[in-house]
Amino acid sequence: MIRINNSLVGAAERRALAWLVRRMPARVTPDKLTAFGIFGAALTLVGYVLTAWSPAFLWLASLGLVFHWLGDSLDGSLARFRKIERPKYGYFLDQTIDVIGNLLICAGMGLSAYVRMDFALLALAGYHALSIYSLVKACVSGQFHISLVGWGPTEMRLLIILMNTTIFYFGAPPFTFAGLSMTWCDVTVLLMAAGLFATFVCLLASYAAELAREEPAGRE
């Protein structure tokens, strides 16, 4: 299956991963990196939960996101570099483990002092809608798009780290709108969710129309 990554930071990310895999100790394996990625997601959740005591734990949540990126991005890169790929196993494990990691991160956001759980889970649903679109399209076309419209998992992590940093330096005081208590972080996450679902609908309609042109319906 052809892997396509045209994300905004894709070129820089590929250079960084190529540099890292060449220096990875032999004892580090792709499966260990996958587990490290899940550890990073769990660390993010813990960091967010601890923000109830101090906003300084936002740095722990951001560190967890960096660890999650390292594990999630390096496991496949290392397997390909060492020519020890297991295409079916790797694809299956990577996509299913991502569900756990994404849930840990978004649940952590919802358990933090800054983001409502319902908004965090709505954003997770939008992200997974796009993930499902990408996986189904891969089955149809043989091309696995890691990023869509220039946006992928790495950009999402960077956006969350930026939000964490902004909260730490400027705070996120609550306000009431339409009877709901929220922060500017809630507005950001809600807009993110809306953007994800809107992108999903547009891509779905566009690709369905393209396939319909390739396979026109037969006449009765």
Does any residue in the range 1-28 that is aliphatic (A, V, I, L, M) come within less than 7 Å, Cβ to Cβ, of a residue that is surrounded by 14 or more Cβ atoms within 10 Å (Cβ to Cβ) and in a loop (DSSP other than H, G, I, E, B) six or more places away or on a different chain, and which pairs are these? Ile4/Ile146
Do we find a residue being modelled with pLDDT of 95 or more, touching a strand residue (DSSP E or B) at 6+ places or on another chain (Cβ under 8 Å) and open to solvent by less than 50 Å² (accessible area, probe 1.4 Å) anywhere in the range 167-185? yes
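Any idea how many residues of the range 107-129 are under 24 Å from Phe144 (Cα atoms) and in contact with a Leu (Cβ under 6 Å, 6 or more places away or on another chain)?
Filtering the range 107-129 down to residues under 24 Å from Phe144 (Cα atoms) leaves 123-129.
Next, from what is left, pick out any that are in contact with a Leu (Cβ under 6 Å, 6 or more places away or on another chain): 126-127.
So the answer is 2.
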Just one of Tyr207, Tyr133 is more than 20 Å from Thr51 (Cβ to Cβ), in contact with a strand residue (DSSP E or B) (Cβ under 8 Å, 6 or more places away or on another chain) and surrounded by fewer than 19 Cβ atoms within 10 Å (Cβ to Cβ); which is it? Tyr133
I'd like to check something: does the range 99-118 contain any residue that is within 30 Å of Leu211 (Cα to Cα), β-branched (Val, Ile, Thr), out of contact with any strand residue (DSSP E or B) (no Cβ under 6 Å at 6 or more places or on another chain) and surrounded by fewer than 21 Cβ atoms within 10 Å (Cβ to Cβ)? yes
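Do we have Leu122 as of a type in the set (A, V, I, L, M), assigned to a helix (DSSP H, G or I), on the phi < 0 side of the Ramachandran plot and surrounded by 17 or more Cβ atoms within 10 Å (Cβ to Cβ) here? Even if it seems obvious, please write down each step before you answer.
On the way: of a type in the set (A, V, I, L, M): yes; assigned to a helix (DSSP H, G or I): yes; on the phi < 0 side of the Ramachandran plot: yes; surrounded by 17 or more Cβ atoms within 10 Å (Cβ to Cβ): yes.
The answer is yes for Leu122.
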Return the pairs, sorted by first residue and then second, in which the second residue is not in a helix (DSSP H, G or I), the first residue lies in the range 29-56 and is among the aromatic types (Phe, Trp, Tyr), the beta carbons are less than 8 Å apart, and the residues are 6+ apart or on different chains. Tyr48/Ser112
Any pair with Cβ under 7 angstrom, 6 or more apart, that starts in the range 100-119 at a residue that is under 24 Å from Phe175 (Cβ atoms) and ends at one that is open to solvent by 50 Å² or more (accessible area, probe 1.4 Å) and not in a helix (DSSP H, G or I): Gly110/Arg116
If you check Ala26 against the conditions, is it open to solvent by 50 Å² or more (accessible area, probe 1.4 Å) and either hydrophobic (A, V, I, L, M, F, W, C) or within 20 Å of Asp98 (Cβ to Cβ) (or both)? yes
Mind telling me which of the residues Ser77, Ser73 ends up being of a type in the set (S, T, N, Q), in a helix (DSSP H, G or I) and either closer than 30 Å to Val115 by Cβ or open to solvent by 60 Å² or more (accessible area, probe 1.4 Å) (or both)? Ser73
Name the residues in the range 48-66 that are within 17 Å of Ile100 (Cα to Cα) and either open to solvent by less than 50 Å² (accessible area, probe 1.4 Å) or more than 15 Å from the chain's Cα centre (by Cα) (or both), would you? Tyr48, Ala61, Gly64, Leu65
Does Ala42 satisfy being of a type in the set (A, V, I, L, M, F, W, C), more than 16 Å from the chain's Cα centre (by Cα) and either more than 30 Å from Gly171 (Cβ to Cβ) or assigned to a helix (DSSP H, G or I) (or both)? no
Contacts under 9 angstrom Cβ, first residue in the range 164-182 being touching a residue at least 60 places away in the same chain (Cβ under 8 Å) and under 23 Å from Cys106 (Cβ atoms), partner of a type in the set (S, T, N, Q) and open to solvent by 90 Å² or more (accessible area, probe 1.4 Å), 6 or more apart: Met182/Thr176
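The values are calculated or read from the model by the stated rules, or taken from the named source; none is laboratory data. This one's a predicted model, so the numbers in the text were calculated from it and none came from an experiment. Positions of Cβ are backbone-derived with ideal geometry, glycine not excepted, and every protein chain shown enters the neighbour counts. For accessibility, only protein heavy atoms count, side chains too; no ligands or nucleic acids. Shrake-Rupley method; radii C 1.70, N 1.55, O 1.52, S 1.80 Å.
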